[in-house]
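The structure under discussion appears below in the form of structure tokens.
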Amino acid sequence: MTKRFEPDAQPAVNDVSLAIDRQEFFALLGPSGCGKTTLLRLIAGLDTADSGVIAIDGTDMARVPPYRRPVNIMFQSYALFPHMNVARNVGFGLRQERKPRDTIDARVVALLDLVRMRDFAARRPGQLSGGERQRVALARALAKEPKLLLLDEPLTALDRKLREEMRFELKHIHQQVGITFLMVTHDQEEAMSMASRIAVMNEGRIEQEGAPADVYENPANRFVAGFLGAVNLFEGKVAGAEAGMLTVDAGAGRLFVVHSPLAAGTAVAVAVRPEKLRFMIARDAAAVNVLPGTVRTVAFRGEASTYQIELASGQLVRGTIANGDTPAPALVPGAALFLSFAPDAARLLQS
């Protein structure tokens, strides 16, 4: 699939191929302007592609108008009708299809029960909180039982606590209804906590696709590593191989990484997630990849704390420790310490 909005412009969607399984919860993840929302609109039929095929259950959607596609979309603004109450909002699409009144009423009640909004059936959107409006919008999007539900940044309008609650709600509802969900988001926590598979997009292309844990632990390149959570990158060159490991000469020193062979002199980055770093007040003689440094700042985040460490090389890195495990009195700004990481906890990136 390719889509340009101007003839000579960079494609908003650039030669993307994607297969989503039936009943899957799939997420398109990427920064603003990466093409994820355009791809969503192409699937919905709100925009037309320059080239490529969209097939749903094997049927080409090219000549199928948006209102006849087995697809529904839930916008981040929710787009509820302010003059209709909750029940009429949810049943709107069914009334447009001229379904029998009894059928509509039964479906509306079932959906309001599903999203726990039955007691709010007579209220109008203006009388609801953000989370309640989101539940109503979801019920309305599910009313016509689409084969594919498109979710455009569904949690953006909610506060943090409610967003976290609604992640579990959406996953639960997805399991209940058995409909394929395709979500667009720029929030990596949302994508990783809700989706069974994710595709990371950048500049109109898919950089990497797979299960959240696999993409997080094994990023394909620097962009994916940096976008999908925090990462420390140690730039260097392959020096050789020792005892089944590659050695990399980096600014921070000689590092050992478990990796398939690469030619000596190959430019690489050793990628290490903050939670993979081990903190030591005194150096452990058995440790490998030891990096001496000094604590610069500490950020308390409730369940964990993040430490910014200045290494002897001058590089700044981040390490994270669960607060229940933190030797807090010793790890204060200005304190000297040693960091280390296991050779199999790092990943080598070439692009």
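The values are calculated or read from the model by the stated rules, or taken from the named source; none is laboratory data. Keep in mind it's a predicted model, so treat the numbers as computed, not measured. As a convention, Cβ positions derive from the backbone with ideal geometry for all residues, glycine included, and neighbour counts pool all protein chains shown.
Tell me which residues, restricted to segment 230-276, are buried (at least 16 other Cβ atoms within 10 Å of the Cβ) and assigned to a loop (DSSP other than H, G, I, E, B).
Hits for segment 230-276 are V231, A252, H259, L262, R273.
Got a number for residues in segment 210-229 being of a type in the set (G, A, S) and crowded, with 17+ Cβ neighbours inside 10 Å? So that I can check it myself, show each step before the final result.
At the first step, the residues of segment 210-229 found to be of a type in the set (G, A, S) are 210-211, 213, 220, 225-226, 229.
Cutting the leftovers down to crowded, with 17+ Cβ neighbours inside 10 Å gives us 220, 225.
The qualifying residues number 2.
For V231, which of the numbered conditions (1) over 12 Å from the mean Cα position of the chain (by Cα); (2) more than 21 Å from T320 (Cβ to Cβ) fails to hold?
V231 satisfies every listed condition except (2).
From (1) under 30 Å from the mean Cα position of the chain (by Cα); (2) under 30 Å from A12 (Cβ atoms), pick out the condition that doesn't hold for E132.
(2)
Which members of segment 248-267 meet the condition of being modelled with pLDDT of 90 or more, of a type in the set (A, V, I, L, M, F, W, C) and within 30 Å of A304 (Cα to Cα)?
Within segment 248-267, A250, L255, F256, V257, V258 meet the criteria.
Output the residues belonging to segment 16-54 that are under 23 Å from R167 (Cα atoms), part of a loop (DSSP other than H, G, I, E, B) and charged (D, E, K, R).
Listed by number, the residues that qualify are D21, R22, E24.
Could you tell me whether E207 is among the acidic types (D, E), within 28 Å of E169 (Cα to Cα), touching a helix residue (DSSP H, G or I) at 6+ places or on another chain (Cβ under 7 Å) and buried (at least 21 other Cβ atoms within 10 Å of the Cβ)?
Against the criterion (among the acidic types (D, E), within 28 Å of E169 (Cα to Cα), touching a helix residue (DSSP H, G or I) at 6+ places or on another chain (Cβ under 7 Å) and buried (at least 21 other Cβ atoms within 10 Å of the Cβ)), E207 does not qualify.
Could we say that A62 is buried (at least 19 other Cβ atoms within 10 Å of the Cβ), aliphatic (A, V, I, L, M) and out of contact with any His (no Cβ under 8 Å at 6 or more places or on another chain) here? Steps first, please.
Numbers: buried (at least 19 other Cβ atoms within 10 Å of the Cβ): no; aliphatic (A, V, I, L, M): yes; out of contact with any His (no Cβ under 8 Å at 6 or more places or on another chain): yes.
Spelling it out, it is not the case that A62 is buried (at least 19 other Cβ atoms within 10 Å of the Cβ), aliphatic (A, V, I, L, M) and out of contact with any His (no Cβ under 8 Å at 6 or more places or on another chain).
Return the only residue of G251, G293, G265 being assigned by TED's automatic domain parsing to the domain that holds G324 and either in contact (Cβ under 8 Å) with a residue 60 or more places away in the chain or in contact with a helix residue (DSSP H, G or I) (Cβ under 7 Å, 6 or more places away or on another chain) (or both). Walk me through it before giving the result.
Details: G293 fails: either in contact (Cβ under 8 Å) with a residue 60 or more places away in the chain or in contact with a helix residue (DSSP H, G or I) (Cβ under 7 Å, 6 or more places away or on another chain) (or both); G265 fails: either in contact (Cβ under 8 Å) with a residue 60 or more places away in the chain or in contact with a helix residue (DSSP H, G or I) (Cβ under 7 Å, 6 or more places away or on another chain) (or both).
Unique residue meeting the criteria: G251.
Being assigned to a loop (DSSP other than H, G, I, E, B) and touching a Lys or Arg at 6+ places or on another chain (Cβ under 6 Å) is the filter; apply it to segment 1-15 and report the residue that is farthest from N202 (Cα to Cα). Before the answer, list the steps.
The first filter runs over segment 1-15 and keeps only residues assigned to a loop (DSSP other than H, G, I, E, B), leaving 1, 4-12, 14-15.
Going one step further and asking which of them are touching a Lys or Arg at 6+ places or on another chain (Cβ under 6 Å), we end up with 11-12, 14.
Values: P11: 11, A12: 10, N14: 10 Å.
Ranking the qualifying residues of segment 1-15, first place goes to P11.
Return the residues of segment 107-166 that are among the charged types (D, E, K, R) and surrounded by 21 or more Cβ atoms within 10 Å (Cβ to Cβ); say none if nothing qualifies. Please lay out each step first, then the result.
Going through segment 107-166, the residues among the charged types (D, E, K, R) turn out to be 107, 113, 116, 118-119, 123-124, 132-133, 135, 140, 144-145, 147, 152-153, 159-161, 163-165.
Answer for segment 107-166, where residues must be among the charged types (D, E, K, R) and surrounded by 21 or more Cβ atoms within 10 Å (Cβ to Cβ): R133, R135, R140.
If we scan segment 91-110, do we find a residue that is in contact (Cβ under 8 Å) with a residue 40 or more places away in the chain and under 28 Å from the mean Cα position of the chain (by Cα)? Lay out the reasoning, then the answer.
Kept after step one, since they are in contact (Cβ under 8 Å) with a residue 40 or more places away in the chain, are these residues of segment 91-110: 91-94, 97.
From the residues that got through so far, the ones that are under 28 Å from the mean Cα position of the chain (by Cα) too are none.
The answer is no, given that none of the residues of segment 91-110 is in contact (Cβ under 8 Å) with a residue 40 or more places away in the chain and under 28 Å from the mean Cα position of the chain (by Cα).
Kindly provide the set of residues from segment 3-46 that are farther than 18 Å from M192 by Cβ, of a type in the set (K, R), crowded, with 19+ Cβ neighbours inside 10 Å and touching a residue at least 12 places away in the same chain (Cβ under 8 Å), ordered by number.
Selection gives K3 alone.
Restricting attention to segment 305-318, does a residue exist that is at pLDDT below 95 and basic (K, R)?
No, the conditions are met nowhere in segment 305-318.
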